[in-house]
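What follows is a short report on a single structure.
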Amino acid sequence: RGDGGGDGPGQGPRKPYRDLAALLGNGVRAGVLAPILVETQGDVSKAVEVYCERASDPTAFAAMLAECKDDDIPPTSEHYYLRPEAGIPVICNVYDLSWGGDDKDSSKKKKVNSGLPGMGFGIYHSGIEVYGREIAFGYSDDGSTGVFEVPSRCAGGVMPRINFKEGVVMGHIHRSRYEVDHLLARLADDFPGDSYDLVRRNCNHFANELCVALVAKKIPSYINRPANFGRVALNLISVPALAIGKIVDGIKKTNRKEEPRQATDANGQPVVEAPNAARLVAEAKAAGGAVGAAGAAGGAAERVGRRASQARTASPPEGDEPAKSASPVESS
């Protein structure tokens, strides 16, 4: 459905960063865009400005491209099917939910969990990282899966009401990428977006099921404790449904005077939304953001980088005389 490749049987998780990069332009690389969106707390327009600024230096941009790991190993590669000799770590990445996200000064951001963990409670989002990809679950009402995939620790770029807290190594696996993708495709079918429920079937329930399937271990118990105690617990710790709806709302509004859109399901219950690339771009455009420049800037930087690389490759070794080109034949 244009937001991630997870809308049909066996197609796996949706990939919001890949889809967002495609919507912004052919020259945009998801692996470069992801950490920038985290920096800008999900502000797409600002992220495009930063992306273009960094792309203006082809040398630096080429280094960023070399470091980014957004390119999946294609199924045609033998490495896709080979089991690794060294164990691949499985990590549970935990995020604090927060409100006050419209304040650019992150030090002023009010965290829901600021006074709760000491009492044994906290409101968290979690995802499972394997092979450098973080897999999580959220609400969607477009008929597609709620399972989505982002680069490691980059969920905050497309879910800007969350802040990375910690990564907990749960174990190691010796499964191939093919085997992991097969498992994720099954779970994507089993977790449609409209099956999300804040208490009974949330992102932490999904993370726990995936973690058990991979390493036979449950995620740390503190992560989903409020849901385990039920809706009454949420009321007791003074996090009403309205507040949660604002906390987990999708993209941050750039118009500070407007109230952010509350994320709820068909029954009006608060939800954590699965990222939707098309909506992120639409809201950025509605706020007046020039989101189309990143593709041109990124494409230009990549072309300059390729030409520079080709020039270095074509240059003769030191001490060798460059070959003289033949004189063009004059036309009669």
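With all protein chains kept in place, the per residue accessible area of the range 16-86 amounts to 54 square angstrom at a probe of 1.4 angstrom.
Amide H contacts under 5 Å for Val147: Arg14, Gly138, restricted to partners 5 or more places along the chain or on a different chain, H placed in the peptide plane at 1.01 Å from N.
Once backbone amide H atoms are built at 1.01 Å from N, Ile173 has Ile88, Val90 as its partners under 5 Å, excluding neighbours fewer than 5 places away on the same chain. Taking every protein chain into account, the 1.4 Å probe leaves Tyr81 with about 110 Å² of accessible area, to the nearest ten.
The gain in end-to-end length when the Thr76 to Lys285 segment is fully stretched comes to 71.5 nm, 0.36 nm per residue minus the alpha carbon separation. Between Lys218 and Arg83, the contour length at 0.36 nm per residue exceeds the Cα-Cα span by 46.2 nm.
The residues of the range 162-213 have, on average, 43 Å² of accessible surface per residue, using a 1.4 Å probe with all protein chains present.
The values are calculated or read from the model by the stated rules, or taken from the named source; none is laboratory data. Note that the structure is predicted; figures quoted are calculated from it, not measured. Each accessible area value is taken on the protein alone, full model and side chains, heavy atoms only, with ligands, DNA and RNA left out. Shrake-Rupley method; radii C 1.70, N 1.55, O 1.52, S 1.80 Å.
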